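A quick write-up on the structure given underneath.
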Amino acid sequence: MCLAIVVLIFGYLGYIMGLPNMLNTMMKTAHDLLLNTVFYLMSICVLTGAIGKLFVEFGVVKMLEKLLRPLMRPLFNLPGVASLGAVMTFLSDNPAIISLAHDKRFATYFKKFQFISLTNFGTAFGMGLLVIVFMVGQGFYAAPFIGFFGACCGCICSTRLMQCFVVKAYPKYAEEMAMEETAEEKDLEEAQSQKTVFIRLLDALLDGGRGGVDVGIAIIPGVLIISTFVMLFTFGTNAEGIYDGGAYQGVELLPYLANKIDFVFRWLFGFQDPHLVAFPITALGAVGAALSLVPNFLSHGWVDGNAIAVFTAIGMCWSGYLSTHTAMLDSLGYRDLTPKAITAHTIGGIVAAVMAHWAYMLYTLLAL
């Protein structure tokens, strides 16, 4: 069965693209992802790891836990301190939540089922600032923020659904703590408090940054393997319409299949043109690549305010989760729960897009 599947997949790709072109495209795509995506994500992990460690060291985490507990618990069933992860992923990218999760003191606030659901929670806000600013830059102002509301709804759905999946699979995780604070860690915290502010600041920044490097290394296999195959089945030929073995070429199978059920996307998301389905499909692998489609859509007149709201919601909520969920859960030590996380987040992204569509329809009615 394994050999049959491998032969089928690579035989199909090789038949369409040509065997040499397929191999060259795979290697060049993986190489470009390593240089321009993985190292970029690693730099984000280093910076956010340092900031997160700094916030933990000087009590910001505890303050957020107290202030936001009334909001986080009823909406996401998470401790208030999880809001720090939402802020950091919103400002940067999905792996920022893992930099926080690897901090033992941060993890002590969570039960295991909550801790595992952080991958879904953090991903739903990934690159949010970039997506909103980009959409505003295209001349849309209300629609991106309506999309942000949709992303929040999708996040609630994805996070709580993942928690249900985890508890159903492992009932004991409902009570077990993700990390117990040991006496040694308490002693270390007391010892840290005896140091000068400058030394504490320096230690927090360097230790957090070092942890970010470890996370950046851990996400390499997932990003390279998953993203390469998603892009092979999403993108098409080069600008001249031929295969030349360049990076980011493919057979466009996913857009082709999506166009066969265009009526579903029209009903759920309000898309007025079948080409628009390329955005959510591309966002599965990388939201940055999905954003690059928008100017072309605008030039053809395919995009309206509703589409921008839906793009923002699904771009934020999915934000390349197929390429990062595997790596994120692997680095946390729960690789076997990856299918459940992907299922929950797929549903959450659809909910985000649908909520953004109907919220925009309500906005247009009220604006009249």
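The values are calculated or read from the model by the stated rules, or taken from the named source; none is laboratory data. Note that the coordinates shown come from a computational prediction; the quantities given were computed from them, not determined experimentally. Glycine also receives a Cβ, built like all others from the backbone with ideal geometry; neighbour counts cover every protein chain displayed.
Give the number of residues within the range 287-328 that are surrounded by fewer than 24 Cβ atoms within 10 Å (Cβ to Cβ) and hydrophobic (A, V, I, L, M, F, W, C).
Summing the residues that are surrounded by fewer than 24 Cβ atoms within 10 Å (Cβ to Cβ) and hydrophobic (A, V, I, L, M, F, W, C) in the range 287-328 gives 8.
Taking the range 64-98 only, how many residues are of a type in the set (Val, Ile, Thr) and farther than 12 Å from PHE121 by Cα? Let's see the steps before the verdict.
Going residue by residue through the range 64-98, those that are of a type in the set (Val, Ile, Thr) are 81, 87, 89, 97-98.
Subset that is farther than 12 Å from PHE121 by Cα: 81.
Result for the range 64-98: 1.
Take the residues of the range 59-106 that are of a type in the set (Asp, Glu) and out of contact with any Ser or Thr (no Cβ under 8 Å at 6 or more places or on another chain): which is surrounded by the most Cβ atoms within 10 Å (Cβ to Cβ)?
Per the criteria, the residue is ASP103.
For a quick check of your reading of the model, give me the residue pairs whose first member lies in the range 30-59 and is at pLDDT below 80, whose second is among the hydroxyl-bearing types (Ser, Thr, Tyr) and assigned to a helix (DSSP H, G or I), with beta-carbon atoms closer than 7 Å and at least 6 apart or on different chains.
These pairs meet every condition: CYS45/SER99; THR48/SER99; GLY49/SER99; GLY52/SER99.
Of all residues being closer than 11 Å to PHE115 by Cα and either at pLDDT below 90 or not polar (S, T, N, Q) (or both) in the range 147-179, which is surrounded by the fewest Cβ atoms within 10 Å (Cβ to Cβ)? Just the residue, please. Walk me through how you get there before you give the answer.
Initial filter on the range 147-179 (closer than 11 Å to PHE115 by Cα): 159, 162-163, 166, 173-174, 176-179.
Still in the list and also either at pLDDT below 90 or not polar (S, T, N, Q) (or both): 162, 166, 173-174, 176-179.
On the way: MET162: 27, VAL166: 24, TYR173: 21, ALA174: 14, GLU176: 12, MET177: 15, ALA178: 20, MET179: 17.
Checked the range 147-179; the qualifying residue surrounded by the fewest Cβ atoms within 10 Å (Cβ to Cβ) is GLU176.
Which of the helices (runs of 4 or more DSSP H) contained wholly in the range 79-145 include at least 3 residues that are within 19 Å of GLY216 (Cα to Cα), out of contact with any helix residue (DSSP H, G or I) (no Cβ under 9 Å at 6 or more places or on another chain) and of a type in the set (S, T, N, Q)?
Details: elements: 83-91, 96-101, 104-107, 112-116, 118-123, 128-137.
Fully inside the range 79-145 and qualifying: nothing.
Identify the single condition in (1) at pLDDT below 85; (2) of a type outside the set (Ser, Thr, Tyr); (3) farther than 26 Å from GLY59 by Cβ that GLU184 does not satisfy, given that it satisfies every other one.
Here GLU184 clears every test but (3).
Which ranges mark the helices (runs of 4 or more DSSP H) fully within the range 227-340 that have 1 or more residues being of a type outside the set (Asp, Glu) and closer than 30 Å to VAL87 by Cβ? Outline the logic, then answer.
Values: elements: 253-260, 262-269, 278-283, 287-291, 294-299, 305-318, 321-332.
Filter on the range 227-340 gives 262-269, 278-283, 287-291, 294-299, 305-318, 321-332.
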